[in-house]
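The values are calculated or read from the model by the stated rules, or taken from the named source; none is laboratory data. Everything numeric here is computed off the predicted structure, so don't read it as measured data. Quick reminder, even Gly has a Cβ in these numbers, built from the backbone with ideal geometry, and neighbours come from all protein chains shown. Note: areas computed on protein heavy atoms with side chains; ligands, DNA, RNA excluded. Shrake-Rupley method; radii C 1.70, N 1.55, O 1.52, S 1.80 Å.
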Amino acid sequence: MTARKIAKKHIADLLNEWRQGFNVFVPSRDEGVAKWARWDGGDAEFLEWYRNTVVPPKALFFPPLEEMFSFHKDGDGYRVEQPPPAEERWLIFGIRPCDARALAVLDLNFKEGYEDLYYLKRRENGVLVGLGCTRPYESCFCTSLGIGPTDAADVDLMLTDIGAYFLVEAVTDRGEELLGKTSLVHAATGADEARAEEARKAAGARVTRKIDSQGISEKLRASFEDKGFWERVSAKCISCGICTFLCPTCYCFDISDELVKRHGARFRSWDSCAFSLYTKMPMENPRREKWRRLRQKVCHKYEFYPDSFDVIACTGCGRCIRLCPVNWDITWVLSSLPVQKQVGLET
Ligand code: SF4
Ligand code: SF4
(Lines give C-alpha, C1' and ligand atoms only; values in the text may rest on other atoms or scores of the structure.)
(Ligands and ions follow the chains in the order given, each with its own letter.)
Protein backbone atom coordinates (compact mmCIF):
# COMPACT_ATOMS: atom_id res chain seq x y z
CA MET A 1 0.00 0.00 0.00
CA THR A 2 1.23 3.52 -0.77
CA ALA A 3 2.78 5.42 2.07
CA ARG A 4 1.32 8.71 3.18
CA LYS A 5 2.36 11.37 5.66
CA ILE A 6 0.83 13.66 8.24
CA ALA A 7 2.28 16.80 9.80
CA LYS A 8 2.97 16.38 13.53
CA LYS A 9 1.06 19.58 14.23
CA HIS A 10 -2.09 17.87 12.87
CA ILE A 11 -1.97 14.79 15.10
CA ALA A 12 -4.33 16.37 17.65
CA ASP A 13 -6.82 17.13 14.83
CA LEU A 14 -6.56 13.55 13.62
CA LEU A 15 -7.21 12.21 17.13
CA ASN A 16 -10.23 14.48 17.42
CA GLU A 17 -11.59 13.12 14.14
CA TRP A 18 -11.08 9.54 15.31
CA ARG A 19 -12.73 10.36 18.62
CA GLN A 20 -16.03 10.65 16.76
CA GLY A 21 -16.04 6.89 16.13
CA PHE A 22 -13.75 5.42 18.78
CA ASN A 23 -12.73 5.62 22.39
CA VAL A 24 -9.24 6.91 21.70
CA PHE A 25 -6.42 6.11 24.15
CA VAL A 26 -3.08 7.92 24.11
CA PRO A 27 0.01 8.01 26.34
CA SER A 28 -0.55 10.35 29.24
CA ARG A 29 1.30 11.39 32.41
CA ASP A 30 -0.10 10.99 35.89
CA GLU A 31 2.25 12.39 38.56
CA GLY A 32 5.18 11.73 36.27
CA VAL A 33 4.16 8.14 35.48
CA ALA A 34 3.39 7.37 31.82
CA LYS A 35 0.12 5.50 31.39
CA TRP A 36 -2.72 5.08 28.88
CA ALA A 37 -5.62 7.51 29.16
CA ARG A 38 -8.59 8.57 27.09
CA TRP A 39 -7.84 11.33 24.61
CA ASP A 40 -9.81 14.37 25.74
CA GLY A 41 -8.73 16.87 23.08
CA GLY A 42 -6.05 19.48 23.65
CA ASP A 43 -2.44 19.23 22.50
CA ALA A 44 -0.71 16.02 21.53
CA GLU A 45 2.09 17.04 23.93
CA PHE A 46 2.91 13.40 24.65
CA LEU A 47 4.75 13.33 21.32
CA GLU A 48 7.48 15.37 23.04
CA TRP A 49 8.19 13.09 26.01
CA TYR A 50 6.67 9.68 25.33
CA ARG A 51 9.01 6.69 25.31
CA ASN A 52 6.76 3.94 26.67
CA THR A 53 4.12 3.52 29.37
CA VAL A 54 4.81 1.89 32.73
CA VAL A 55 1.67 -0.27 32.61
CA PRO A 56 1.58 -1.98 29.21
CA PRO A 57 -1.44 -1.72 26.89
CA LYS A 58 -2.42 -5.29 27.81
CA ALA A 59 -4.28 -3.61 30.71
CA LEU A 60 -6.76 -2.12 28.23
CA PHE A 61 -7.67 -5.57 26.90
CA PHE A 62 -7.13 -7.60 30.05
CA PRO A 63 -7.84 -5.20 32.95
CA PRO A 64 -6.10 -5.67 36.32
CA LEU A 65 -9.56 -6.19 37.87
CA GLU A 66 -12.80 -6.99 36.09
CA GLU A 67 -16.22 -8.27 36.95
CA MET A 68 -17.01 -11.47 35.09
CA PHE A 69 -20.63 -11.76 36.18
CA SER A 70 -22.93 -11.04 39.09
CA PHE A 71 -25.27 -13.44 40.90
CA HIS A 72 -28.39 -12.93 42.94
CA LYS A 73 -30.10 -15.30 45.34
CA ASP A 74 -33.47 -16.04 43.86
CA GLY A 75 -35.66 -18.39 45.87
CA ASP A 76 -33.70 -21.61 46.30
CA GLY A 77 -31.22 -20.90 43.54
CA TYR A 78 -29.12 -18.15 42.01
CA ARG A 79 -29.76 -15.96 39.00
CA VAL A 80 -26.61 -15.11 37.07
CA GLU A 81 -26.21 -11.90 35.09
CA GLN A 82 -23.37 -11.34 32.70
CA PRO A 83 -22.18 -7.81 32.03
CA PRO A 84 -23.04 -6.69 28.50
CA PRO A 85 -20.28 -7.53 25.99
CA ALA A 86 -17.75 -4.74 25.46
CA GLU A 87 -19.19 -3.20 22.31
CA GLU A 88 -17.25 0.04 22.39
CA ARG A 89 -14.71 0.54 19.63
CA TRP A 90 -11.21 1.35 20.80
CA LEU A 91 -8.31 3.03 19.14
CA ILE A 92 -4.94 2.86 20.86
CA PHE A 93 -2.70 5.57 19.47
CA GLY A 94 1.05 5.28 19.93
CA ILE A 95 1.49 1.63 20.83
CA ARG A 96 5.13 0.55 20.52
CA PRO A 97 5.96 -2.42 18.28
CA CYS A 98 7.14 -4.53 21.25
CA ASP A 99 3.79 -4.05 23.00
CA ALA A 100 1.81 -4.70 19.84
CA ARG A 101 3.73 -7.97 19.45
CA ALA A 102 2.94 -8.76 23.08
CA LEU A 103 -0.78 -8.61 22.27
CA ALA A 104 -0.20 -11.06 19.41
CA VAL A 105 1.57 -13.32 21.94
CA LEU A 106 -1.33 -13.00 24.41
CA ASP A 107 -3.81 -13.83 21.62
CA LEU A 108 -2.32 -17.33 21.43
CA ASN A 109 -3.16 -18.06 25.04
CA PHE A 110 -6.55 -16.35 25.06
CA LYS A 111 -7.61 -17.71 21.66
CA GLU A 112 -5.90 -21.08 21.30
CA GLY A 113 -5.19 -22.03 24.91
CA TYR A 114 -8.91 -21.52 25.57
CA GLU A 115 -11.45 -18.95 24.36
CA ASP A 116 -11.42 -15.97 26.68
CA LEU A 117 -14.47 -14.05 25.52
CA TYR A 118 -13.75 -11.00 27.69
CA TYR A 119 -10.32 -10.48 26.15
CA LEU A 120 -11.28 -11.53 22.62
CA LYS A 121 -14.21 -9.12 22.40
CA ARG A 122 -11.97 -6.20 23.31
CA ARG A 123 -9.32 -7.32 20.83
CA GLU A 124 -11.89 -7.61 18.07
CA ASN A 125 -13.05 -4.03 18.73
CA GLY A 126 -9.58 -2.53 19.20
CA VAL A 127 -7.62 -0.74 16.49
CA LEU A 128 -3.87 -0.34 16.99
CA VAL A 129 -2.02 2.69 15.67
CA GLY A 130 1.70 2.11 16.16
CA LEU A 131 4.34 4.73 16.75
CA GLY A 132 7.89 3.74 15.87
CA CYS A 133 10.20 3.91 18.87
CA THR A 134 13.12 6.27 18.21
CA ARG A 135 14.38 6.59 21.82
CA PRO A 136 14.54 3.05 23.23
CA TYR A 137 15.60 2.64 26.85
CA GLU A 138 18.94 1.14 27.81
CA SER A 139 16.95 -1.85 29.14
CA CYS A 140 15.23 -2.60 25.79
CA PHE A 141 16.38 -5.65 23.81
CA CYS A 142 13.54 -6.15 21.30
CA THR A 143 15.91 -6.66 18.35
CA SER A 144 17.25 -9.84 19.97
CA LEU A 145 13.72 -11.26 19.77
CA GLY A 146 13.29 -10.42 16.09
CA ILE A 147 11.30 -7.22 16.68
CA GLY A 148 12.46 -3.87 15.33
CA PRO A 149 11.57 -0.68 17.24
CA THR A 150 9.70 0.56 14.15
CA ASP A 151 8.14 -2.78 13.03
CA ALA A 152 4.65 -2.53 11.60
CA ALA A 153 3.82 -6.25 11.73
CA ASP A 154 1.30 -6.23 14.59
CA VAL A 155 -0.58 -2.94 14.15
CA ASP A 156 -3.28 -1.62 11.83
CA LEU A 157 -1.56 1.65 11.07
CA MET A 158 2.09 2.57 11.58
CA LEU A 159 3.65 5.99 12.05
CA THR A 160 7.36 6.65 11.66
CA ASP A 161 8.96 9.93 12.74
CA ILE A 162 10.55 11.75 9.78
CA GLY A 163 11.02 15.20 11.33
CA ALA A 164 8.08 17.59 11.04
CA TYR A 165 5.96 14.73 9.68
CA PHE A 166 5.14 11.10 10.37
CA LEU A 167 5.23 8.64 7.52
CA VAL A 168 1.91 6.77 7.72
CA GLU A 169 1.49 3.19 6.50
CA ALA A 170 -1.79 1.31 6.47
CA VAL A 171 -0.95 -2.27 7.41
CA THR A 172 -4.45 -3.77 7.50
CA ASP A 173 -7.80 -3.00 5.88
CA ARG A 174 -8.89 -1.42 9.16
CA GLY A 175 -5.89 0.88 8.97
CA GLU A 176 -6.69 1.76 5.37
CA GLU A 177 -10.27 2.49 6.37
CA LEU A 178 -9.08 4.91 9.07
CA LEU A 179 -7.06 6.87 6.53
CA GLY A 180 -9.90 6.94 4.03
CA LYS A 181 -11.94 9.11 6.40
CA THR A 182 -9.47 11.95 6.90
CA SER A 183 -8.15 14.77 4.76
CA LEU A 184 -5.17 15.34 7.07
CA VAL A 185 -2.92 12.75 5.43
CA HIS A 186 -1.23 13.33 2.09
CA ALA A 187 0.80 11.29 -0.33
CA ALA A 188 4.40 10.77 0.79
CA THR A 189 7.28 11.44 -1.58
CA GLY A 190 10.23 9.18 -2.35
CA ALA A 191 12.34 11.46 -0.12
CA ASP A 192 9.90 10.90 2.77
CA GLU A 193 10.17 7.15 2.36
CA ALA A 194 13.97 7.37 2.24
CA ARG A 195 13.92 9.45 5.44
CA ALA A 196 11.70 6.84 7.11
CA GLU A 197 14.11 4.09 6.11
CA GLU A 198 16.99 6.03 7.66
CA ALA A 199 14.93 6.56 10.83
CA ARG A 200 14.19 2.82 11.04
CA LYS A 201 17.87 1.91 10.70
CA ALA A 202 18.91 4.51 13.28
CA ALA A 203 16.23 3.32 15.75
CA GLY A 204 17.37 -0.32 15.40
CA ALA A 205 20.96 0.70 16.04
CA ARG A 206 19.95 2.46 19.27
CA VAL A 207 18.86 -0.85 20.81
CA THR A 208 22.24 -1.84 22.19
CA ARG A 209 21.32 -4.45 24.80
CA LYS A 210 21.48 -7.93 23.27
CA ILE A 211 20.84 -11.54 24.17
CA ASP A 212 21.51 -14.64 22.12
CA SER A 213 18.04 -16.18 21.83
CA GLN A 214 19.31 -19.03 19.64
CA GLY A 215 18.79 -22.40 21.34
CA ILE A 216 17.63 -20.72 24.55
CA SER A 217 14.79 -23.20 25.21
CA GLU A 218 17.26 -26.08 25.05
CA LYS A 219 19.66 -24.32 27.40
CA LEU A 220 16.84 -23.73 29.89
CA ARG A 221 15.69 -27.33 29.64
CA ALA A 222 19.22 -28.51 30.35
CA SER A 223 19.54 -26.15 33.35
CA PHE A 224 16.12 -26.83 34.84
CA GLU A 225 17.39 -28.98 37.70
CA ASP A 226 20.41 -26.80 38.42
CA LYS A 227 19.22 -25.60 41.80
CA GLY A 228 22.50 -23.82 42.54
CA PHE A 229 22.20 -21.69 39.41
CA TRP A 230 18.56 -20.70 40.06
CA GLU A 231 19.26 -19.94 43.72
CA ARG A 232 22.15 -17.71 42.69
CA VAL A 233 20.22 -15.75 40.06
CA SER A 234 17.15 -15.30 42.25
CA ALA A 235 18.99 -14.35 45.46
CA LYS A 236 18.14 -10.66 45.41
CA CYS A 237 14.53 -10.96 44.23
CA ILE A 238 12.02 -9.80 46.85
CA SER A 239 9.02 -11.50 45.16
CA CYS A 240 7.18 -8.20 44.68
CA GLY A 241 5.60 -9.37 41.40
CA ILE A 242 6.23 -6.08 39.56
CA CYS A 243 8.09 -7.83 36.74
CA THR A 244 5.03 -9.98 36.02
CA PHE A 245 2.28 -7.39 36.56
CA LEU A 246 4.03 -4.97 34.23
CA CYS A 247 5.14 -7.56 31.70
CA PRO A 248 3.06 -7.11 28.52
CA THR A 249 2.88 -10.89 27.97
CA CYS A 250 2.08 -12.14 31.50
CA TYR A 251 -1.54 -13.20 31.90
CA CYS A 252 -1.98 -15.04 35.20
CA PHE A 253 -5.13 -14.16 37.07
CA ASP A 254 -6.99 -15.12 40.22
CA ILE A 255 -10.76 -15.45 40.59
CA SER A 256 -12.70 -14.38 43.66
CA ASP A 257 -16.34 -14.01 44.68
CA GLU A 258 -17.72 -11.11 46.70
CA LEU A 259 -21.06 -11.70 48.36
CA VAL A 260 -23.15 -9.21 50.33
CA LYS A 261 -26.43 -10.65 51.59
CA ARG A 262 -28.27 -11.88 48.46
CA HIS A 263 -26.08 -10.25 45.83
CA GLY A 264 -22.61 -11.10 44.70
CA ALA A 265 -20.13 -10.83 41.86
CA ARG A 266 -17.28 -12.86 40.52
CA PHE A 267 -14.11 -10.94 39.74
CA ARG A 268 -10.84 -11.77 38.20
CA SER A 269 -7.67 -9.92 39.03
CA TRP A 270 -4.07 -10.12 37.91
CA ASP A 271 -1.94 -12.59 39.82
CA SER A 272 1.75 -13.37 39.72
CA CYS A 273 3.79 -16.57 39.77
CA ALA A 274 6.33 -14.56 41.80
CA PHE A 275 4.04 -14.64 44.86
CA SER A 276 4.43 -17.36 47.48
CA LEU A 277 0.62 -17.45 47.81
CA TYR A 278 0.12 -18.03 44.10
CA THR A 279 -2.35 -20.90 43.56
CA LYS A 280 -2.56 -21.27 47.34
CA MET A 281 -6.20 -22.07 46.72
CA PRO A 282 -7.43 -24.64 45.92
CA MET A 283 -4.05 -26.37 46.28
CA GLU A 284 -0.65 -25.54 47.71
CA ASN A 285 1.79 -23.52 45.64
CA PRO A 286 4.09 -26.17 44.19
CA ARG A 287 6.83 -23.52 44.07
CA ARG A 288 7.45 -22.70 47.70
CA GLU A 289 11.00 -21.51 47.25
CA LYS A 290 11.70 -18.22 45.53
CA TRP A 291 14.18 -19.77 43.07
CA ARG A 292 11.49 -22.13 41.76
CA ARG A 293 9.15 -19.18 41.18
CA LEU A 294 11.73 -17.14 39.33
CA ARG A 295 12.70 -20.19 37.30
CA GLN A 296 9.03 -20.52 36.36
CA LYS A 297 8.89 -16.91 35.15
CA VAL A 298 11.94 -17.30 32.92
CA CYS A 299 11.15 -20.81 31.66
CA HIS A 300 7.53 -19.96 30.96
CA LYS A 301 8.60 -17.19 28.61
CA TYR A 302 11.55 -18.85 26.95
CA GLU A 303 10.80 -22.58 27.12
CA PHE A 304 7.18 -23.52 27.93
CA TYR A 305 5.46 -20.94 25.74
CA PRO A 306 7.67 -21.78 22.73
CA ASP A 307 6.87 -25.47 23.39
CA SER A 308 3.13 -24.72 23.32
CA PHE A 309 2.88 -22.00 20.69
CA ASP A 310 6.22 -21.89 18.92
CA VAL A 311 6.91 -18.32 20.00
CA ILE A 312 8.97 -16.77 22.81
CA ALA A 313 6.70 -14.94 25.25
CA CYS A 314 9.07 -12.04 25.76
CA THR A 315 9.28 -9.04 23.47
CA GLY A 316 12.34 -7.41 25.01
CA CYS A 317 10.35 -4.38 26.21
CA GLY A 318 12.74 -4.13 29.16
CA ARG A 319 10.09 -3.23 31.77
CA CYS A 320 11.07 -6.09 34.07
CA ILE A 321 14.63 -4.70 34.09
CA ARG A 322 14.02 -0.98 34.50
CA LEU A 323 11.13 -1.31 36.98
CA CYS A 324 12.45 -4.04 39.26
CA PRO A 325 13.20 -2.50 42.67
CA VAL A 326 16.35 -4.61 43.13
CA ASN A 327 17.72 -4.44 39.58
CA TRP A 328 17.09 -8.07 38.72
CA ASP A 329 17.87 -8.49 35.05
CA ILE A 330 16.41 -11.21 32.83
CA THR A 331 19.06 -10.66 30.14
CA TRP A 332 21.76 -11.31 32.71
CA VAL A 333 20.04 -14.54 33.77
CA LEU A 334 19.67 -15.72 30.18
CA SER A 335 23.27 -14.85 29.38
CA SER A 336 24.48 -16.64 32.53
CA LEU A 337 22.86 -20.00 31.75
CA PRO A 338 25.44 -22.73 32.29
CA VAL A 339 26.42 -23.53 28.70
CA GLN A 340 28.27 -26.74 29.49
CA LYS A 341 24.93 -28.37 30.25
CA GLN A 342 23.37 -27.75 26.84
CA VAL A 343 21.48 -30.72 25.48
CA GLY A 344 23.61 -32.51 22.92
CA LEU A 345 26.90 -31.14 24.29
CA GLU A 346 27.13 -33.52 27.23
CA THR A 347 29.53 -36.38 26.82
S1 SF4 B 1 10.38 -7.14 39.98
FE2 SF4 B 1 12.38 -7.83 40.71
S3 SF4 B 1 12.15 -8.14 42.92
FE4 SF4 B 1 10.07 -8.01 42.05
S5 SF4 B 1 9.49 -10.18 41.66
FE6 SF4 B 1 10.42 -9.37 39.75
S7 SF4 B 1 12.60 -9.93 39.89
FE8 SF4 B 1 11.73 -10.12 41.97
S1 SF4 C 1 9.93 -10.60 30.32
FE2 SF4 C 1 10.59 -8.48 30.69
S3 SF4 C 1 11.49 -7.79 28.75
FE4 SF4 C 1 10.29 -9.63 28.31
S5 SF4 C 1 8.28 -8.87 27.68
FE6 SF4 C 1 8.16 -9.27 29.90
S7 SF4 C 1 8.68 -7.32 30.89
FE8 SF4 C 1 9.30 -7.18 28.73
Inverse of mean 1/r across different Cα pairs in segment 44-192, Kirkwood, Å:
17.6
List the residues of segment 62-77 whose backbone N lies under 14 Å from a point placed 7 Å from the Cα of V260 along the Cα-to-Cβ direction.
71
Using only the heavy atoms of the protein chains and a 1.4 Å probe, how would D254, D154 rank by accessible area, largest first?
D254, D154
Using Cα pairs under 8 angstrom and six or more residues apart, how large is the relative contact order of segment 216-344, in percent?
36
Classify the chain as rounded, prolate or oblate, taking a ≥ b ≥ c as the square roots of the eigenvalues of its Cα gyration tensor: rounded when a/c is under 1.5, otherwise prolate if a/b is larger than b/c and oblate if not.
oblate
For the pair L65 and E87, the simple spin-label estimate (label points 7 Å beyond Cα toward Cβ) gives in nm 2.7
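Figure the gain on full extension for E176 and T208 (residue separation times 0.36 nm, minus the Cα-Cα span) and round it to one decimal in nm.
8.2 nm
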Qualifying aspartates and glutamates (Cα of each under 16 Å from Cα of K35; at least 8 residues distant if same chain):
E45, E48, D99
Carbon and sulfur atoms account, in whole percent of the 1.4 Å probe accessible area of the chain, for 52
Stick to Cα atoms and the Kirkwood definition of Rh, then tell me Rg/Rh for segment 216-344.
1.03
Listed residues R51, R288, R295, R195 arranged by accessible area, highest first, probe 1.4 Å
R288, R195, R51, R295
Percent relative contact order for segment 1-85, counting Cα pairs under 8 Å at least six residues apart, stands at 18
Largest-first ranking of Y251, Y78 by accessible area, probe 1.4 Å, whole protein assembly kept, is Y78, Y251
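Can you give the extra length, in nm with one decimal, that the chain gains between D310 and R29 once fully stretched, where that is 0.36 nm per residue apart less the Cα-Cα distance?
97.5 nm
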When Lys and Arg each count +1 and Asp and Glu each count -1, what net charge do the other residues less than 12 Å away from T244, Cβ to Cβ, add up to?
+4
For segment 55-203, with every protein chain kept in place, what is the accessible area per residue (1.4 Å probe, Å²)?
43
In the structure shown, of K5/K111; K121/K227; K8/K201, the pairs separated by more than 31 angstrom at the C-alpha atoms are K5/K111; K121/K227
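For segment 216-344, what is the accessible area per residue in Å² when the probe is 1.4 Å?
That works out to 50 Å² for each residue.
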For the chain, what does the relative contact order come out to in percent, with C-alpha contacts under 8 Å and a separation of six or more?
21
How much of K201 can a 1.4 Å solvent probe reach, expressed as accessible area in Å² and rounded to 10?
130
Would you compute, from DSSP H runs of 4+ residues alone, the mean residue ellipticity of the chain at 222 nm, taking -39500 (n - 2.57) per run and dividing by the full residue count, rounded to the nearest 500?
-7500 deg cm²/dmol
